[in-house]
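The structure under discussion appears below in the form of structure tokens.
The values are calculated or read from the model by the stated rules, or taken from the named source; none is laboratory data. Since the model is a prediction, treat every value here as computed from it, not as a measurement. Methodologically, a virtual Cβ is constructed for each residue, glycine included, from the backbone with ideal geometry; neighbour enumeration extends over all protein chains shown. Side chains included, ligands, DNA and RNA excluded: accessible areas come from the protein's heavy atoms. Shrake-Rupley method; radii C 1.70, N 1.55, O 1.52, S 1.80 Å.
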Amino acid sequence: LGDEMQAAGNGQVVNLLFWVAFAILLIGWINYINLATAQATDRAREIGVRKVVGARRSHLLGQFFVQSVVINGLAALVSLGLLTVLRQPLTNLLGHSLDFSLVSTSLLWTFGTVFLVGVLVSGVYPALLLSSIQPTSVLKGQLTQKLSGLWARRGLTVFQFAASILLIAGTFAVYRQVSFMQSQDLGFDAEQVLVLQGPKVGDNDNGQAFEPLRQQLLQLPDIETVCAAGTVPARSYNASLANVRPSGWADGTGLLLDFLIVDDQYRSTFGIDLIAGRDFSLQRDSSAQTVMVNEQAALRLGFNNPADIVGTNILWQSEDTPDAWFQVVGVIQDYHHASLQRARDAMVVVYDPYPDDYYALRMNTNNVATTIQKVKDIYTSAFPGNPFEHFFLDETFAAQYAADLRLGNIMILFGGLAIFIACLGLFGLASFTALRKMKEMGIRKILGASFASIIYLFTREFIGLIIVATVLGLPLAYWLIGRWLENYAYQMPLSVGLFLTPILLLLVISLLTISYHTVRTVLVNPINHLRQES
């Protein structure tokens with residue numbers, strides 16, 4: 001909303017981070033499910049013996065749910081400890097103070113809900129699967145064929161990879177979009193422009209104090225131009241007025257346009273090009289009602305050739321009185337008054353000899369600190385009792401993208417965490433797969449299979465899962481990134497590299513994870529594999 005004390009948060013970003021966090025939780029729960037079901041063969045004898053000696057399925061269900069409760073409970077306690085220890089780094093990352101108490105109602109409800117959902121999601125399937133093992137199946141050696149859960153584990157692993165692809169692609173998209181916006185031509189020169197807050201204490205009517213200030217500042221060798229304005233780029237417009245219309249338009253057919261109040265040095269100070277007509281002049285416009293418009297305003301007011309609006313009178317107040325009509329004396333080029341998240345606005349630039357909200361100084365110096373001190377001395381002498389508040393325009397303009405960069409940093413953390421957790425599960429699955437295939441690998445090596453062929457045989461399943469995850473995840477990533485880019489008037493082009501990089505990164509990390517167990521198993525003497533008990 002306009003004229004707020006400070007910029008509010010973005011509800012869409014909050015919702016996005018909630019779902020990203022939930023996806024990471026799902027990846028962790030999937031790891032538990034995959035590893036628990038992969039252990040079905042190893043625990044088959046234990047479960048078979050328990051059933052033979054009288055254990056009921058309800059007892060086994062209770063046992064596996066207790067295990068899930070213990071693991072999720074320990075994870076919750078560790079996370080609370082980490083949240084306390086990492087509170088300050090998280091505050092720096094989020095740009096927002098994390099004021100909470102470990103005994104606060106909202107935090108307890110959140111953790112309680114996550115804990116219960118985690119127990120149910122991660123505990124139900126393994127408990128049902130493991131408790132359904134029949135002792136006869138164990139004795140007949142049919143367990144692996146019936147309860148391997150191969151397709152379920154594959155499906156869950158595919159989900160992990162697809163979620164990782166989404167997070168990595170999203171992270172790249174955020175940084176590329178911010179870089180794209182920062183690289184665009186703003187239509188004005190924001191470098192080396194020092195902006196001073198106008199005085200709020202004392203009398204500055206009719207520029208009685210500003211004009212001497214301007215002349216003293218211009219005497220400094222490092223100051224090129226000085227202007228006064230009601231607003232500057234990256235700050236709110238002075239007003240947005242409805243019913244703006246040129247002469248000849250019927251009442252009630254006007255447009256809503258943004259207004260700036262500036263003096264005759266505004267355009268030259270900010271390096272804004274003049275397209276047609278003339279600039280403001282202290283001698284010619286002090287007693288006249290004159291304005292300039294930008295190209296967008298001229299087009300919206302019905303002039304396909306912006307130069308044709310020069311000399312036209314426009315009404316910019318609701319009442320049709322002589323004082324409400326202003327003559328257009330010039331057309332300036334479109335420039336980005338705000339960030340590139342929004343399109344260039346249609347604006348009307350109103351002349352005032354001495355506005356006092358902001359003073360902008362174009363500097364030409366490498367010794368910035370010394371120049372600022374000189375400017376401060378002159379300012380405080382001209383406006384005693386007023387604080388010397390200043391900022392550089394380029395830094396303030398770049399700060400408009402701070403929220404997007406912060407989101408990118410958070411996505412890097414979340415994306416890295418998701419990949420790390422997914423690879424932990426992959427590491428465990430690769431370990432179990434290697435153990436199950438030890439004898440097969442030993443026999444293949446004895447029969448003359450090459451090192452490369454065994455590596456390929458072991459890794460092809462996981463590579464296939466990544467390919468399936470890519471097929472499923474890429475269209476969703478493309479759609480979600482496209483929806484997110486709709487929030488920006490100026491959007492980066494969606495290139496192949498944006499989506500190819502996450503796939504290659506995930507593939508390399510996954511292969512490195514799998515390769516540890518693969519190479520370790522292949523290098524063992526095949527005789528040792530064949531001697532081990534089945």
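Listing for the model above:
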read-out	value
DSSP bridge pairs, the chain: antiparallel proportion in percent, nearest 5	75 percent
At 0.890 mPa s and 25 °C, Stokes D of the range 421-511 from Kirkwood alpha-carbon radius, µm² per second	154 µm²/s
Accessible surface, the chain, averaged per residue in Å² (probe 1.4 Å)	51 Å²
Accessible area of residue 444 in the full protein assembly, 1.4 Å probe (Å², nearest 10)	100 Å²
Sites residue 283 and residue 402 - FRET efficiency at Förster radius 41 Å, r taken between beta-carbons, to 0.05	0.45
Approximate shape of the range 387-455 as ellipsoid semi-axes (Cα gyration tensor, √5λ), whole Å, largest first	57, 13, 6
Alpha-carbon gyration tensor eigenvalues x 5, square-rooted, for the range 293-381, Å	35, 19, 12
Overall dimensions of the range 220-295 as given by Cα atoms, namely Rg and Dmax in Å	14.8, 52
Rounded tilt (10° steps) of 150-182 against the dominant C-alpha axis of the chain	20 degrees
Equivalent ellipsoid semi-axes, the range 427-466, via Cα gyration tensor eigenvalues times 5, rooted, Å	19, 13, 6
Potential lengthening between residue 512 and residue 461 on full extension [0.36 nm per residue; Cα-Cα distance subtracted]	16.9 nm
Portion, in percent, of the accessible area of the chain that falls on carbon or sulfur, probe 1.4 Å	60 percent
Three-way shape label, the range 340-410, alpha-carbon gyration tensor, a/c 1.5	oblate
Solvent-accessible surface (1.4 angstrom probe) belonging to residue 251, in square angstrom, nearest 10	110 Å²
The chain: angle of helix 402-436 to the longest principal axis, Cα-based, in degrees nearest 10	10 degrees
Rounded tilt (10° steps) of 57-85 against the dominant C-alpha axis of the chain	30 degrees
Per-pair calculated FRET efficiency, R0 = 45 Å: residue 447 and residue 106 via Cβ, rounded to 0.05	0.10
Cα centre as origin, Lys/Arg/Asp/Glu Cβ charges: the chain dipole, Debye	5560 debye
Alpha carbon convex hull of the range 312-433, projected area averaged over orientations, nm²	16.6 nm²
Residue-level accessible surface for residue 351, protein heavy atoms, 1.4 Å, Å²	20 Å²
Spin-label pair residue 200/residue 300, simplified geometry with 7 Å Cα→Cβ offset, distance in nm	3.0 nm
The chain, relative contact order [Cα under 8 Å, separation at least 6], %	22 percent
FRET efficiency, 1/(1 + (r/R0)^6) with R0 35 Å, evaluated for residue 380 and residue 333 via beta carbons	0.45
Fraction of beta bridges assigned by DSSP in the range 239-392 that are antiparallel (%, nearest 5)	60 percent
